[in-house]
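These notes are about the structure you will find just below.
The values are calculated or read from the model by the stated rules, or taken from the named source; none is laboratory data. Please read these numbers as outputs of a predicted model, since none were measured by experiment. Positions of Cβ are generated from backbone atoms using ideal geometry, with glycine treated the same way; all protein chains shown enter the neighbour counts. Note: areas computed on protein heavy atoms with side chains; ligands, DNA, RNA excluded. Shrake-Rupley method; radii C 1.70, N 1.55, O 1.52, S 1.80 Å.
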Amino acid sequence: KAEAQNGQLAVDMLYTAPIAFQRLKLEGAYIKNKDLLEIDDFTLVDDQDTSINITGSVKGIEGQDPVLDLDMFAQSALLNGYFNYLPDAQIPKTYAWLKHSFNEEVVKVGDLTARMKGPLSEFPFLEGQENLLEVSFSFQDATIAFLENTPPGTNLNGRFRMRGNNLYAQAESGRLSNQDVSDIKVAITGLFQKPEHAVLQVDATAKGPI
């Protein structure tokens, strides 16, 4: 068990800058003969009062390629409070897309969960059956610019999910191309490997001028 206050957490393999925190707590066990860190509870409250909790394990932390098996949970907060936890050193295209596409300083997210499983060298696990990167959260009053040169969706309330190389969003209502829309389902496939070949599919019920 370990606790710390008012410091910085540096993980150079994942982040280009350290994460400043107010409080940090780690409970778990290190099994030396297996080189396995079992995490019962890792809680971090950063300098913006955003709180995250992580459970799971990291195998091979003394080697060059640790294997992650982690679940993350977070409280409701503005979306920009969570961008600090995106591993920008490993997924620069994903990070840039999310920063560009969401009105991060306004949109509120809740029920945020993330699942990361696989060798760190293969992060963000875009391919493979056993490896996995999945992020899911609900959003309120979001503006999402799905792709370049397409109108953004506005006033959206629903749920966002990223799994591997694909993005999905569902919303009960919002506006798209100056039309009121409902029952919105958005899928973007192939975004992070070859963005120029990404495919956008939108299904929705629209009402308004064409």
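Tabulated data
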{"item": "Cut-off of 10 Å, at most 13 other beta carbons, DSSP loop: longest stretch of the chain lacking such GluC sites (Glu not before Pro)", "result": "149-210"}
{"item": "Extension gain, residue 48 back to residue 163 (0.36 nm per residue minus Cα-Cα distance, nm)", "result": "38.7 nm"}
{"item": "In degrees, nearest ten, helix 92-101 long axis to first principal axis of the chain (Cα)", "result": "40 degrees"}
{"item": "Accessible area expressed per residue, the chain, with surrounding protein chains retained (probe 1.4 Å, Å²)", "result": "56 Å²"}
{"item": "Kirkwood hydrodynamic radius of the stretch 1-121, from inverse mean 1/r over distinct Cα pairs, in Å", "result": "15.3 Å"}
{"item": "Candidate values (i) 12.2; (ii) 13.6; (iii) 16.2, label of the one derived for mean projected area of the Cα convex hull in nm²", "result": "(i)"}
{"item": "Virtual spin-label span in nm between residue 199 and residue 140, 7 Å along Cα→Cβ", "result": "3.6 nm"}
{"item": "DSSP-assigned coil residues among trypsin sites (Lys or Arg not before Pro) in the stretch 1-105, each with at most 15 further Cβ atoms within 10 Å", "result": "1"}
{"item": "The chain, accessible surface, carbon-and-sulfur percent (1.4 angstrom probe)", "result": "49 percent"}
